[in-house]
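Single-structure report; data block below.
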Amino acid sequence: MTVNVDASRCIGCGMCAAAVPAVFQIQGRVSVVQAQPRTPAEEAGAFDAANGCPVNAIRARKA
């Protein structure tokens with residue numbers, strides 16, 4: 001799975017970083033991907049974060 005955050009859309013709400021801290025981190029006022037998901041649980045969390053992002057700034061694609 002590949003995860004990307006569109007910084008131009010991100011509002012820095014922190015939902016993704018709270019849900020999957022191994023993958024997402026808030027830097028400044030936006031979320032960044034600090035590591036790609038490595039486990040099934042991280043993949044599921046990243047997918048849920050992408051679906052739950054209030055501004056659709058996260059893209060999670062299966063490899």
The range 6-25: number of residues that are in contact with a strand residue (DSSP E or B) (Cβ under 8 Å, 6 or more places away or on another chain) and without any contact (Cβ under 8 Å) to a residue 40 or more places away in the chain: 6
Pairs under 8 Å by beta carbon, first residue farther than 15 Å from Val23 by Cα in the range 44-63, partner of a type in the set (Gly, Ala, Ser) and modelled with pLDDT under 95, six or more apart or different chains? none
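The values are calculated or read from the model by the stated rules, or taken from the named source; none is laboratory data. Values in this document were obtained by computation on a predicted structure and should not be read as measured data. We place every Cβ from the backbone using ideal geometry, glycine too, and count neighbours over all the protein chains shown.
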